[in-house]
1. Which residue out of A:ALA50, A:ALA31 is in a strand (DSSP E or B), open to solvent by less than 10 Å² (accessible area, probe 1.4 Å) and closer than 19 Å to A:PRO371 by Cα?
2. Given the criterion within 13 Å of chain A (Cβ to nearest Cβ) and crowded, with 20+ Cβ neighbours inside 10 Å, identify the matching residue among B:ALA193, B:ALA181, B:ALA175, B:ALA217.
3. Could you list, in sequence order, the residues of region B:237-273 that are surrounded by 15 or more Cβ atoms within 10 Å (Cβ to Cβ) and among the hydroxyl-bearing types (Ser, Thr, Tyr)?
4. State all residues of region B:283-297 that are within 17 Å of B:GLY134 (Cβ to Cβ) and open to solvent by 80 Å² or more (accessible area, probe 1.4 Å); if no residue qualifies, say none.
5. With the structure loaded, tell me whether A:ASP311 is farther than 24 Å from A:VAL172 by Cα, surrounded by fewer than 23 Cβ atoms within 10 Å (Cβ to Cβ) and within 14 Å of chain B (Cβ to nearest Cβ) or whether it fails that test.
6. On the basis of being farther than 23 Å from A:ILE300 by Cα and either out of contact with any strand residue (DSSP E or B) (no Cβ under 6 Å at 6 or more places or on another chain) or among the aromatic types (Phe, Trp, Tyr) (or both), does A:THR111 make the cut?
7. Taking region B:198-208 only, how many residues are surrounded by 15 or more Cβ atoms within 10 Å (Cβ to Cβ) and under 28 Å from B:ASP261 (Cα atoms)?
8. With the requirement that a residue be of a type in the set (A, V, I, L, M, F, W, C) and either not in a helix (DSSP H, G or I) or not assigned by TED's automatic domain parsing to the domain that holds A:ALA58 (or both), what does region A:307-328 give you?
Amino acid sequence: MSTVAIKGGRVLDASGARAADVLVDDGRIVAVGADLAGDRVLDAGGCVVAPGLVDLHAHLRQPGNEEAETVETGSRGAALGGFTAVVAMPNTTPAVDGAAAVREVQDLGRTALCEVFPAAAITVGRAGERLTPMAELAELGVRIFTDDGSGVQDGRLMRRAMEYAVGLPWPVVLAEHCEDAALAAGGHLHEGVWSAKLGIAGQPAEAEELMVMRDLALARLTGSRVHLQHLSTAGSVAMVRAARASGVAVTCEATPHHLALTHAECASFDPVFKVNPPLRTDDDVAAVRAGLADGTIDAIATDHAPHTAQDKEQPFDEAPPGMLGLETALAVACSESGLPLERVLALLSWQPARIAGIEDSHGGPVQAGRPANLCVIDPAATWTVDPARSASRSRNSPWAGRTLTGRVRHTLLAGEPVVVDGEAQR
Amino acid sequence: MTGAPARPVRHLLSIDDLGADGIDEVMRLTDAFVEVSRRSIPKVPALRGKTVASLFFEDSTRTRLSFETAAKRLSADTMSFSVSTSSVRKGESLRDTALTIEAMGVDCIVVRHRSSGAPHRVASWVDAAVVNAGDGWHEHPTQALLDCYTIRERLGSLAGRRVLIVGDVKHSRVARSDIAAFTALGADVTLVAPPTLLPPTLEGWPVSVSHDLDAVAPDADVIYLLRIQQERMTEALVPSLREYTARYGLTVRRAARLRDDALVMHPGPMNRGVEIAPEVADLPRSAIIDQVRNGVAVRMAVLYLLLGAGSDKVLTADDVMEAAVGESR
């Protein structure tokens, strides 16, 4: 097998930064140091060589909505965005709530351009009534259970899921889309000045916050870990901060869009800005950024949610919520979060890898012996987002036409250069 | 929301597209078309050769007829598409529907849709002028223009007038357009409703709020009643129609305490006996029939503003009198 040398870059991982070349052979890093030579050379001049990014939250839409995305096309976008691992959400059709569905997504992932880790539903059919066979699914490798797309409404059922998870011999985590369905019912954007002006029913911040509050209480009650998905309100961030300080085993994520965009984007009525949880206020954006900066929020997760043009070319209230994110997440984080690159990478790589339980293969230190899941980032490169050039089958990027700073030059998946000079290799 | 439109008006999606000067211009054009409407043959060739399509995704006989009558009196050709929401849901996207209709060669599309913002989406996809004929809870700008015209006709001006908008403001496109138009013309607007029927926030809205109709009605120049829909009861927004009427209905007793020259208005269709007592709707102070009548002339003015004499030019009332009235002589 031929070797690949990544030359001229600055290696950056959880242990810090140093100028070094990286030599890869047979899927692993074999050397990190000066003046390394390989059969193939990837130029990393001016770039940072980092562990591959890890997305805790992507909708790859397969099975069931292959018009919007497939595991293959989603993974290509992921690789272009620097991701070597993606946790695929289970709200497919049918839902990933049993062994056959988990195996199907795992099989689809074997030829993908990043490693695909299926999350499984907490309840059968995501209907909020009966628990999925969590032990059987965990044995197949599932580490994240979530009914994402909706929260588990029944507090008693969520308590049972947490209690049951504590007894499993695998390090699983329950991840919750926090939304009180009754309070959010019928809402299509954040309830506030814009929902009032535009005449569209809103979802109050409290619909999210009530379930954050409940799940923190249940985690305290059961001693279970809980991971809160795509936090979007100042109140949610404050509650997580306080709960963690009091010893609750909570982790949480925020999306690139919630750290940069507000509900004012909805003024055009363009459903490309419709997402769930909805874009919120300036104060909420500031609180999400503060939570990322002070460590309250553990990860940036894309909530990549492709939808066909047909589905988005509808009025705001009839269009489905969701936006693309895999190809732009790093650049948005670099451009908008106000955080230095090493913090951005912690939030996009090694911290989410630990939450997903995949730190042995992703997000680990760049050193000899480790799996060669790497990305090479040009932090100074600027580019303008053109959804027509996206690898996704869908085009619903809220960043269309915006110029961002920070771009992925190369991505290596188990030693294979799947992205070279910003181009997918297969 | 004040001042002249920054550029010629291409679409009428929101009252903000016009501003105070734009509203005044529509009022002056309406004066001309009211004059036309009084003739034995109330028709002018101003839009001959133009085609106006009405694209209604929601039933609205009166608004559609008003627009189509306006277009015909301007000698435009008209097309009408009524699309049931269910068939569209199953089939093509809004964009495909809009492009299909534009491909038939239309100059203007009049859009009514149950979803807020649908006309804005259509306007982003087509070259034709788009008129919002009511979108969801968002706006109904031609209703506000005919309301302004009716108030001016009856009271002379809106400047300094105290206008109460009573009822279900939260779900009312009429209220949103009326608030923008009335305040642009200098009226002092108070919303009168239980908090459950007001928008979740009124931050930035140039209005006052009252939850007590009896306290504010005696000083009002205009009482504008909104339709209360039966479905609001099932959403726990008010306990019952009976309780709503008791607190917010314009009953005979309340109407007797209004100022002598106070106007009563309603966008229709009325629920007689709920938001308005049957006898009150028929009092001389009621301008409800005037509103409907003025609707045709106002919509003629809007279509003429968007389509007449090359829409790259900001028209004056004199232009239209010359164009419309002159040609027909």
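The values are calculated or read from the model by the stated rules, or taken from the named source; none is laboratory data. All of these numbers come straight from a predicted model, not from anything done at the bench. Cβ coordinates were reconstructed from backbone atoms using ideal geometry, including for glycine residues, and neighbour counts include every protein chain displayed. Side chains are part of the model used for accessible areas, which takes the heavy atoms of the whole protein and leaves out ligands, DNA and RNA. Shrake-Rupley method; radii C 1.70, N 1.55, O 1.52, S 1.80 Å.
1. Details: A:ALA31 fails: open to solvent by less than 10 Å² (accessible area, probe 1.4 Å).
Criteria check complete, one pass: A:ALA50.
2. Residue meeting the stated conditions: B:ALA175.
3. If the condition is that a residue be surrounded by 15 or more Cβ atoms within 10 Å (Cβ to Cβ) and among the hydroxyl-bearing types (Ser, Thr, Tyr), then B:TYR244, B:THR245, B:TYR248, B:THR251 are the ones that fit.
4. B:VAL292
5. Details: farther than 24 Å from A:VAL172 by Cα: yes; surrounded by fewer than 23 Cβ atoms within 10 Å (Cβ to Cβ): yes; within 14 Å of chain B (Cβ to nearest Cβ): yes.
Considered against the rule, which asks whether it is farther than 24 Å from A:VAL172 by Cα, surrounded by fewer than 23 Cβ atoms within 10 Å (Cβ to Cβ) and within 14 Å of chain B (Cβ to nearest Cβ), A:ASP311 comes out as yes.
6. On the way: farther than 23 Å from A:ILE300 by Cα: yes; either out of contact with any strand residue (DSSP E or B) (no Cβ under 6 Å at 6 or more places or on another chain) or among the aromatic types (Phe, Trp, Tyr) (or both): yes.
Spelling it out, A:THR111 is indeed farther than 23 Å from A:ILE300 by Cα and either out of contact with any strand residue (DSSP E or B) (no Cβ under 6 Å at 6 or more places or on another chain) or among the aromatic types (Phe, Trp, Tyr) (or both).
7. Narrowing region B:198-208 to residues surrounded by 15 or more Cβ atoms within 10 Å (Cβ to Cβ): B:198-202, B:205, B:207.
Then keep just the ones that are under 28 Å from B:ASP261 (Cα atoms); that gives B:198, B:205, B:207.
So the count comes out to 3.
8. From region A:307-328, those of a type in the set (A, V, I, L, M, F, W, C) are A:309, A:316, A:319, A:323-324, A:326; that's our starting set.
Once the filter is applied, which keeps residues that are of a type in the set (A, V, I, L, M, F, W, C) and either not in a helix (DSSP H, G or I) or not assigned by TED's automatic domain parsing to the domain that holds A:ALA58 (or both), region A:307-328 yields A:PHE316, A:ALA319, A:MET323, A:LEU324, A:LEU326.
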